[in-house]
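Below is one structure, written out as structure tokens, with a few remarks after it.
The values are calculated or read from the model by the stated rules, or taken from the named source; none is laboratory data. Note that the coordinates shown come from a computational prediction; the quantities given were computed from them, not determined experimentally. Neighbour counts run over all protein chains shown; Cβ positions are idealised from the backbone, glycine included.
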Amino acid sequence: MARPKIALIGAGQIGGTLAHLTAMKELGDVVLFDIAEGTPQGKALDIAQSGPSEGFDASMKGTNDYADIAGADVCIVTAGVPRKPGMSRDDLLGINLKVMKAVGEGLKAHAPNAFVICITNPLDAMVWALREFSGLPHNKVVGMAGVLDSARFRHFLSLEFGVSMRDVTAFVLGGHGDTMVPLSRYSTVAGVPLPDLVKMGWTTQEKLDAIIQRTRDGGAEIVGLLKTGSAFYAPATSAIEMAEAYLKDQKRVLPCAAYVKGAFGLDGIYVGVPTVIGAGGVERLVEISLNPDENAMFQKSVDSVKGLVAACKGIDPSLA
Ligand code: APR
């Protein structure tokens, strides 16, 4: 059976890491696309030459031609610009919206059956715009944010508790931005919810609140340290987890920026919610119940995403 075809749109920091991870995990053959001439070709050649040592079977092709992504099974989109220190994700909107238009048209023409994972920021608005421009089904276009945000939360919690990250589960809802909603009640160490761990004396509410804030600021912390760009190892790894769930029909329960119409009282918006990802793409949303405080935070996050979508419509009237 032929290997799956994985198209990576954007061959920058995240795109290159995605290509390397795809090969190391032997998820399929890679086509790395970028508008910068030489970048995708150079990265593809470099990664292919790591194959003999690592022993993977995956082909690597770098290209500036959308025709090369034809028939892709999965497309992961990182095309666009990242943040610099002092910028919010929302500051990227105008530039990256134009990029989503070009990418959406490329997907529509060459890879209409792909499962598309968008990483470009501001994430929730960009995945919405990419879906609009591409015309692909909503269940096949999804944004990567919640897996990364919950991974950051899990990492900080595992440090606080001195336990393996594998035994920490974490739940994050809402938009990928300052209004994201880390949910303590649904986050656990081996099934024990965080509020119970506070009662057991494993941590204090103050420390937990500081960890939640650090999770919200997780991307900015790395931008501040790197100074020349934003995080790329963990974002790439998170998207690969989603791609693998689709390719292997794993039915993973993963928080993603998915299209929500009806559930959570929402009327057709992309925002971070728990989903089931399998061969059907986003197969199901997990409509957890929220208490009044959680719901208020979630609605605030939804309102901020709505504001960004309205700004997109203002910039590009074809989206209105
Ligand atoms: N089509 C294809 N590629 C493009 C386009 C376009 N229209 N415009 C820009 N690119 C490419 C750039 O040439 C660059 O190689 O996108 C790549 C982006 O790579 P980086 O600048 O290294 O950014 P990266 O760190 O990979 O982040 C990409 O993901 O997390 C988000 O906020 C981040 O929006 C940013 C995106």
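So, in the stretch 160-183, of the ones that are more than 30 Å from L92 (Cα to Cα) and of a type in the set (G, A, S), which residue ends up surrounded by the fewest Cβ atoms within 10 Å (Cβ to Cβ)? It comes out as G162. State yes or no: is L97 within 10 Å of the ligand (Cβ to nearest atom) and either crowded, with 21+ Cβ neighbours inside 10 Å or in a helix (DSSP H, G or I) (or both)? No. Does L148 fit the bill of being in contact with a helix residue (DSSP H, G or I) (Cβ under 8 Å, 6 or more places away or on another chain) and either aliphatic (A, V, I, L, M) or surrounded by fewer than 16 Cβ atoms within 10 Å (Cβ to Cβ) (or both)? Against the criterion (in contact with a helix residue (DSSP H, G or I) (Cβ under 8 Å, 6 or more places away or on another chain) and either aliphatic (A, V, I, L, M) or surrounded by fewer than 16 Cβ atoms within 10 Å (Cβ to Cβ) (or both)), L148 qualifies. Against the criterion of being surrounded by 13 or more Cβ atoms within 10 Å (Cβ to Cβ), of a type in the set (D, E) and on the phi < 0 side of the Ramachandran plot, E241 qualifies. In summary, N113 fulfils each of the numbered conditions (1) under 19 Å from A243 (Cα atoms); (2) touching a Ser or Thr at 6+ places or on another chain (Cβ under 8 Å) with the single exception of condition (2).
Every listed requirement among (1) within 30 Å of V192 (Cβ to Cβ); (2) more than 11 Å from the ligand (Cβ to nearest atom); (3) within 19 Å of the chain's Cα centre (by Cα); (4) buried (at least 22 other Cβ atoms within 10 Å of the Cβ) is met by L157 save one, (3). Output the number of the condition that L136 fails; it satisfies all remaining conditions of (1) surrounded by 24 or more Cβ atoms within 10 Å (Cβ to Cβ); (2) free of Cβ contacts under 8 Å to residues at least 40 places away in the same chain. In the conditions (1) surrounded by 24 or more Cβ atoms within 10 Å (Cβ to Cβ); (2) free of Cβ contacts under 8 Å to residues at least 40 places away in the same chain, L136 misses (1) alone.
For the condition closer than 22 Å to E244 by Cα, within 16 Å of the ligand (Cβ to nearest atom), buried (at least 23 other Cβ atoms within 10 Å of the Cβ) and of a type in the set (A, V, I, L, M), A23 does not qualify. Every test in (1) within 16 Å of the ligand (Cβ to nearest atom); (2) within 17 Å of A11 (Cα to Cα) is passed by R89 save one, and that test is (2). Against the numbered list (1) in contact with a Pro (Cβ under 9 Å, 6 or more places away or on another chain); (2) in contact (Cβ under 8 Å) with a residue 12 or more places away in the chain; (3) within 12 Å of the ligand (Cβ to nearest atom); (4) of a type in the set (D, E, K, R), E105 comes up short only at (1).
Inspect the stretch 65-72 for any residue being over 17 Å from the mean Cα position of the chain (by Cα), away from the ligand (no atom under 16 Å from the Cβ) and loosely packed, with under 15 Cβ neighbours inside 10 Å and give the result as yes or no.
Applying the first criterion (over 17 Å from the mean Cα position of the chain (by Cα)) to the stretch 65-72 yields 65-72.
Retained after the next criterion (residues that are away from the ligand (no atom under 16 Å from the Cβ)): 70-71.
Filter again for loosely packed, with under 15 Cβ neighbours inside 10 Å, leaving 70-71.
Yes, the stretch 65-72 contains a residue that is over 17 Å from the mean Cα position of the chain (by Cα), away from the ligand (no atom under 16 Å from the Cβ) and loosely packed, with under 15 Cβ neighbours inside 10 Å.
The helices (runs of 4 or more DSSP H) found wholly in the stretch 195-303 and carrying at least 2 residues that are more than 16 Å from the ligand (Cβ to nearest atom), free of Cβ contacts under 8 Å to residues at least 12 places away in the same chain and out of contact with any His (no Cβ under 7 Å at 6 or more places or on another chain) occupy 205-216. Within the stretch 62-82, residues that are under 13 Å from G106 (Cα atoms) and β-branched (V, I, T) have Cβ atoms under 7 Å from residues that are away from the ligand (no atom under 13 Å from the Cβ) and part of a loop (DSSP other than H, G, I, E, B) in these pairs: I69/A111, counting only partners at least 6 apart in sequence or on another chain.
Would you check if there is a residue in the stretch 221-236 being basic (K, R) and touching a Lys or Arg at 6+ places or on another chain (Cβ under 8 Å)?
So far as the stretch 221-236 goes, yes, one or more of its residues are basic (K, R) and touching a Lys or Arg at 6+ places or on another chain (Cβ under 8 Å).
Within the stretch 39-57, residues that are at pLDDT 95 or above have Cβ atoms under 7 Å from residues that are of a type in the set (S, T, Y) and within 16 Å of the ligand (Cβ to nearest atom) in these pairs: P40/T63, counting only partners at least 6 apart in sequence or on another chain.
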